[in-house]
Amino acid sequence: MRVALLIPSAPATPVSQLEQHLSQYLAEEGVQLTRVHCSSYANAEARTLLDVAESSSEFDVAHSLMGWRTLLWAHSLPLPIVATSFGAADALHGANFAPARRGARERVFWVGQAPPPGRSLLAQIDHGKRDTLAQDYAKAYAQTLELDRRQRLDSEHDARPWGEYFVLEDTAGHKVKRIDVLAGQRLSYQKHAQRSEHWMIVRGRALVVLDGKEHHLQAGQTIDIPAGTAHRIGNPGPDPMSFIEVQTGPYLGEDDIVRLQDDYKR
C-alpha cells in the first residue's frame, strides 16, 4: 500500500502528533508513506497538489490531514482520498464551504471524529488510542481502495441502444474500454478531434467503416483510427460482437465526438 500523506505546512498540535505517529508506525502495517507538505499559500498549495496529481501512479491512496481544506481541491486529485476530520472545529469550518462540499467528488472518505456537514464517516477513529492508531488507519486505507473500486465499477459501465461498454482503465493519456455490440446493431458514424483509437476484435465479426471504406474483421484482428477520421463499427453477424478500444490523446472525454450519422437519432 502506497500512501501520499498531505500535511499542512504549519500543522496544529493534533495534526502534528498524528503525522509523527503514522510516520513512525505505518511501515509495520505494510504501508509505504510519503509525506507531502502543503503550503498555506494558495498558489504554492496548488503547485504541490499538481505535483502529486502528476505522480498519482506512484500512490494507491492520498491521506489528507488538511481537514476542511480537502473540500477545495478533492476534485482535482485523481486518487481516492482518506481525509481526517479533527472534530467540531473542522465541522464548523466545513459549514462555510457548502459549494466546495457539493463539488467534491464521492471518492473522499472521511475518518476521525466528525465529518463536515452532509458527509458520513468511513471509520470513527479515536486518536487517543495510540496502540491501535496505525492499524486503524491501515484498515481505513484498505476500505477506501475497495469502496473506490466498487464505485468505479458502478460508474464505468453504460448501456446504449446498440449494446453496452465497460471502462477497464482510465488514466492520464489513455483509456481502455470493452465494448459489446448486439447482433445487427452499429455505433454512430463519428469522429474525434483530440483522440486516436485502436480496436481489437475479441468476439464475433465486425464491419468497420473508415472514411467511407469498409473493413471486415474477425476475432484477433485490429485496426487503427487516427484522430479526425470518420469511423463506425457494427455487428453484421447473428451473435454478439465484442472489441477492446484503446483511446490515446490529450483529452478523452465523452463529449469529444461529432456524430455524422446515427441510427438512433442522437
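Structure notes:
- Residue selected from the stretch 92-116 under the condition within 24 Å of the chain's Cα centre (by Cα) and surrounded by fewer than 15 Cβ atoms within 10 Å (Cβ to Cβ), by the criterion modelled with the highest pLDDT: GLU106
- Qualifying residue in the stretch 14-29 (condition: in a loop (DSSP other than H, G, I, E, B), more than 16 Å from ILE125 (Cβ to Cβ) and not charged (D, E, K, R)): no
- Residue check, GLN143 at pLDDT 90 or above, part of a helix (DSSP H, G or I), out of contact with any Ser or Thr (no Cβ under 7 Å at 6 or more places or on another chain) and among the polar types (S, T, N, Q): yes
- Selection within the stretch 209-266 - in contact (Cβ under 8 Å) with a residue 24 or more places away in the chain, closer than 18 Å to ARG178 by Cα and exposed (fewer than 13 other Cβ atoms within 10 Å of the Cβ): THR222, ASP224, ASP239
- A single entry from PRO14, PRO78 fulfils the requirement of being touching a residue at least 60 places away in the same chain (Cβ under 8 Å), more than 20 Å from THR144 (Cβ to Cβ) and surrounded by fewer than 19 Cβ atoms within 10 Å (Cβ to Cβ): PRO14.
- Consider the stretch 51-68 and keep the residues that are assigned to a helix (DSSP H, G or I) and out of contact with any helix residue (DSSP H, G or I) (no Cβ under 8 Å at 6 or more places or on another chain). The one that is surrounded by the most Cβ atoms within 10 Å (Cβ to Cβ) is VAL52.
- Breaking point among (1) loosely packed, with under 13 Cβ neighbours inside 10 Å; (2) without any contact (Cβ under 8 Å) to a residue 60 or more places away in the chain; (3) of a type in the set (S, T, N, Q), for SER196: (1)
- Residue match in the stretch 154-164 (condition: under 26 Å from TRP110 (Cβ atoms) and acidic (Asp, Glu)): yes
The values are calculated or read from the model by the stated rules, or taken from the named source; none is laboratory data. Predicted model, so just to flag it, every value in this text is computed and none were measured. Cβ atoms come from the backbone with ideal geometry, glycine included; neighbour counts cover every protein chain shown.
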